[in-house]
Each structure stands twice: as C-alpha cells, then as structure tokens.
Amino acid sequence: MNSKKFWFITTSIVLVALTRFLPHPPNFTAVGAMALFGGAMYQSNILRYGLPLLILFLTDLVLNNVVYAAYYDGFTLFTSGAMYLYGATIAMVALGQVLVKVIKVKNVALASIAGSALFFLVTNFGVWASGTMYPLTPAGLILCYEAGLPFFLNTLASGLLFSTVLFGSYYMIADRLELAPVKAN
C-alpha cells in the first residue's frame, strides 16, 4: 500500500469516527462503516482490525469519561457491554474484508446491511445477557430485540450513509491521488 493510500484511508476513518462526538440520534454513528472500510481497504490485519478498534476505544474513553461521566462511578475504561460492542466491530471488519473485495455499490450495500444486522443481533444479545433489563428467558430475548428495533433502523441508516461516504469518496478520489486502481460498478 502506498503512503497516499494509507493516509487517505486512515484520515477518512478518523474523520468519520469524530462524528461520534457530534449530536446524533441513538446508534446513528459511523462505527460500522469505519469497520467495514478498514476491513476492505487495509492489507495488513494489524491495521485492518487494530485501527478501527483503537479509534473505537479512544472515542469510547472520551464519551464514557467526559460526555457520559455522570452515568458511571469514576473512570471507565470499558462499559459492561464493551465485549459485545468490540466483538461486533471485529465481525464487521471481517465482513468488510470478505464482502468488499471489489468496490461495487452492491458489495458495499450488502456488507453495510449485513454488518448493521450483525451489530444489532450481537449488541442486543449483550444487553439481554447482562440480565439487568430483560428476563433471561427466550421471551426476554425477544423483548430485547423488539425494544432495539428503533435503534437498528438508525444503525442501518447510518451504516449505509457513512459507507457511501467512505467508499464513495475513495472511489471518486482514487484516480486523482493515484491511490490504487479501483474496480467499481
């Protein structure tokens, strides 16, 4: 990977990650899109998985200890559901790696929809498994998923929007900056 491509991809991921600090509807963030983009664009697994997870961790630190500090008792390194959030993010990086081998609208849309659904299933399972909001029964799990549907719609919409921004900007600028040949349809 040439340095122009590396810096374009990295800067793009950092910029969309900063949208987590802007006012937004619940679950309307670029986390899924940055995971898909990192998974698809980086050639090294250290960057592919490491950078999206590092950025998620750093933005979580700020959000948990500054923006939402009143909800926690002291400094918070990880929230109780972090393993589900980070696990879903790792799975989304893998989806980007597998489903977006060639930048095509169909591939990006499919990966974004699949990633959003995966994120919804994993993180809501984590909410249910914590046992603090829903009974640990099949009916409780269904209730948890039902209650999460409005959040899923935001996750889906933001995933499609931010994936379009990331992959679209790469596609539009790649030739100009001589980043890499892009095959797209």
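Being in contact with a helix residue (DSSP H, G or I) (Cβ under 6 Å, 6 or more places away or on another chain) and in a helix (DSSP H, G or I) is the filter; apply it to the range 123-139 and report the residue that is nearest to A40 (Cα to Cα). The extreme case among them is T123. Criterion first (farther than 19 Å from G38 by Cβ, in a helix (DSSP H, G or I) and among the aromatic types (F, W, Y)) does F120 satisfy it? Answer is yes for this residue. For the range 89-106, check the following and say yes or no: at least one residue is part of a helix (DSSP H, G or I), in contact with a Ser or Thr (Cβ under 8 Å, 6 or more places away or on another chain) and modelled with pLDDT of 95 or more. No: zero hits. A Cβ distance below 9 Å, combined with a sequence gap of six or more or placement on separate chains, defines the contacts here; from the range 7-33, residues that are basic (K, R) reach residues that are surrounded by 13 or more Cβ atoms within 10 Å (Cβ to Cβ) and not in a helix (DSSP H, G or I) in the pairs R20/T29; R20/A30. The single residue among L63, L77 that is within 28 Å of A129 (Cα to Cα) and surrounded by fewer than 14 Cβ atoms within 10 Å (Cβ to Cβ) turns out to be L77. Restricting attention to the range 125-136 and to residues that are of a type outside the set (A, V, I, L, M, F, W, C) and either closer than 14 Å to G87 by Cα or surrounded by fewer than 12 Cβ atoms within 10 Å (Cβ to Cβ) (or both), the residue that is nearest to the chain's Cα centre (by Cα) turns out to be G126. Restricting D60, D73 to residues that are over 20 Å from S163 (Cα atoms) and free of Cβ contacts under 8 Å to residues at least 12 places away in the same chain narrows the list to D73.
Taken over the range 100-124, the criterion of being surrounded by 18 or more Cβ atoms within 10 Å (Cβ to Cβ) and either more than 16 Å from the chain's Cα centre (by Cα) or touching a residue at least 60 places away in the same chain (Cβ under 8 Å) (or both) is satisfied by V100, I103, N107, V108, A111, S112, G115, S116, F119.
Listed here are the residues, each with its yes/no results for (1) closer than 20 Å to T29 by Cα; (2) not charged (D, E, K, R).
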residue	(1), (2)
A91	yes, yes
V98	no, yes
K101	no, no
K104	no, no
A109	yes, yes
G115	yes, yes
L121	yes, yes
G126	yes, yes
S130	no, yes
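Restricting the range 31-60 to residues that are of a type in the set (G, A, S) and assigned to a helix (DSSP H, G or I) leaves a set whose member that is surrounded by the fewest Cβ atoms within 10 Å (Cβ to Cβ) is G50.
Is at least one residue of the range 150-163 in a helix (DSSP H, G or I), surrounded by fewer than 16 Cβ atoms within 10 Å (Cβ to Cβ) and β-branched (V, I, T)? The answer is no; no qualifying residue exists. Residue check: E146 meets all listed conditions (1) assigned to a helix (DSSP H, G or I); (2) surrounded by 17 or more Cβ atoms within 10 Å (Cβ to Cβ) but one, namely (2). Is the range 167-183 home to any residue that is over 22 Å from T11 (Cα atoms) and free of Cβ contacts under 8 Å to residues at least 60 places away in the same chain? Taking every residue of the range 167-183 in turn, none turns out to be over 22 Å from T11 (Cα atoms) and free of Cβ contacts under 8 Å to residues at least 60 places away in the same chain.
The values are calculated or read from the model by the stated rules, or taken from the named source; none is laboratory data. Bear in mind that the values here come from a model prediction, so they are computed numbers and not experimental data. Backbone-built Cβ (ideal geometry, glycine too); neighbour counts: all protein chains shown.
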